[in-house]
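> Dumping the structure here so I can ask a few things about it.
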Amino acid sequence: MTEPVLKVQSLRKEFGGLIAVKDVSFEVGEGEFVGLIGPNGCGKSTTFNCISGLLEQTSGKIEMFGEDISELRPDQIQNRGMTRTFQHTNLWREMTVIENLMVPPRKQFGTNAKEFLKAILSRNNPSERERLMDAYHALDQLEVPHMAHNLASELSGGQSKLVDIGRSMMGSPKLLLLDEPVAGVAGPLAMKIFNNLRNIVNETGISILIIEHNMDFILRQGVDRIVVMNEGEVLMQGTPDEVRANQKVIEAYLGAAGKTEEE
Ligand SMILES: Nc1ncnc2c1ncn2[C@@H]1O[C@H](COP(=O)(O)OP(=O)(O)O)[C@@H](O)[C@H]1O
Ligand SMILES: [Mg+2]
């Protein structure tokens, strides 16, 4: 059996007295499109921050293709083929879309300017021309090539999210972690984004782990598997059908949602 792309084992993160992530374990396989869902504040972004090396976990282990990456820096993890987006999209507003794609997001490289520049210049050492081709290819895959020369400051919220996803696709990563890429995005565009991501997974064999807080929405978006978190823990994981039928999920989540709809 091949190693999973990502293996999270008993991940725990405490902030002072608060246990934000409590012994979370799950895997993402090659070419898998996995949803990570749960109510606000249940520890989804913190899980991403630990996986991508931005935060040091309190305990637990994270492996990528069988390699222990728990102690690596964000840039080292990125060099192994994992990229991520953040819940709050932060584009370079004074740059065009295509320029934004060619410059990686600052946070993944920390705040050290020298390190940041080195990372930009040495990103798998592709030439400027190759990176430009990569950037256009990402926009094509997301079906927004016409946005290439728009200024980031002119984009809508949904369009900014799309550019952010495109940026995470630069350098042919093997695993994308997307933190609520469709939050605040209008329904039709949100569905189109999920559809494009599904196609990208099918066509390239890349793996995607995507955070979404809307359970009802993600159940209908064609992901392979869903990891449901609640209060820092994994409540259950399974296919959308299994999640839909799970009594614990219905009680913790769908039950409450169902009630609101009836009102
Ligand atoms: N850097 C931090 N310092 C202190 N508490 C934090 C920090 N980041 C997140 N938290 C807390 O951890 C919990 C989980 O937050 P988060 O992972 O952002 O949840 P989610 O992404 O599921 O909405 C929340 O109670 C949040 O306030
Ligand atoms: Mg979050």
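The values are calculated or read from the model by the stated rules, or taken from the named source; none is laboratory data. Please read these numbers as outputs of a predicted model, since none were measured by experiment. All Cβ positions, glycine included, derive from the backbone under ideal geometry; neighbour counts span all protein chains shown.
> Go through the stretch 14-38 and count every residue that is farther than 14 Å from VAL227 by Cβ and within 13 Å of ligand 2 (Cβ to nearest atom).
Qualifying residue count, the stretch 14-38: 1.
> Sticking with this one: If MET133 passes every condition in (1) modelled with pLDDT under 95; (2) surrounded by 22 or more Cβ atoms within 10 Å (Cβ to Cβ) but one, which one does it miss?
Of everything listed in (1) modelled with pLDDT under 95; (2) surrounded by 22 or more Cβ atoms within 10 Å (Cβ to Cβ), MET133 misses just condition (2).
> Among what's in the stretch 1-13 and is surrounded by 16 or more Cβ atoms within 10 Å (Cβ to Cβ) and assigned to a loop (DSSP other than H, G, I, E, B), pick the residue that is farthest from ligand 2 (Cβ to nearest atom).
Residue satisfying both the conditions and the ranking: PRO4.
> So ASP179 passes all but one of these: (1) surrounded by fewer than 20 Cβ atoms within 10 Å (Cβ to Cβ); (2) within 16 Å of ligand 2 (Cβ to nearest atom); (3) not aliphatic (A, V, I, L, M). Which condition number does it fail?
(1)
> Being closer than 16 Å to GLY81 by Cα and within 11 Å of ligand 1 (Cβ to nearest atom) is the filter here; which residues of the stretch 23-48 pass it?
If the condition is that a residue be closer than 16 Å to GLY81 by Cα and within 11 Å of ligand 1 (Cβ to nearest atom), then PHE48 is the only one that fits.
Residues checked against (1) under 22 Å from VAL243 (Cβ atoms); (2) at pLDDT 95 or above:
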{"position": "LEU18", "(1), (2)": "no, yes"}
{"position": "GLY35", "(1), (2)": "yes, yes"}
{"position": "GLY38", "(1), (2)": "yes, no"}
{"position": "GLY53", "(1), (2)": "no, yes"}
{"position": "GLU56", "(1), (2)": "no, yes"}
{"position": "LYS61", "(1), (2)": "no, yes"}
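> Among the residues of the stretch 42-50, is there at least one that is within 16 Å of ligand 2 (Cβ to nearest atom), in a loop (DSSP other than H, G, I, E, B), closer than 26 Å to THR239 by Cβ and not assigned by TED's automatic domain parsing to the domain that holds VAL201? Can you show your working first?
Narrowing the stretch 42-50 to residues within 16 Å of ligand 2 (Cβ to nearest atom): 42-50.
If we keep only those that are in a loop (DSSP other than H, G, I, E, B) as well, we get 42-43.
Next cut, closer than 26 Å to THR239 by Cβ only: 42-43.
Then drop every residue that is not not assigned by TED's automatic domain parsing to the domain that holds VAL201, which leaves 42-43.
Within the stretch 42-50 (the criterion being within 16 Å of ligand 2 (Cβ to nearest atom), in a loop (DSSP other than H, G, I, E, B), closer than 26 Å to THR239 by Cβ and not assigned by TED's automatic domain parsing to the domain that holds VAL201), the answer is yes, since at least one residue qualifies.
> Any residue at all in the stretch 79-86 that's in the same structural domain as GLY232 (by TED's automatic domain parsing) and surrounded by 21 or more Cβ atoms within 10 Å (Cβ to Cβ)?
Within the stretch 79-86 (the criterion being in the same structural domain as GLY232 (by TED's automatic domain parsing) and surrounded by 21 or more Cβ atoms within 10 Å (Cβ to Cβ)), the answer is no, since none of the residues qualifies.
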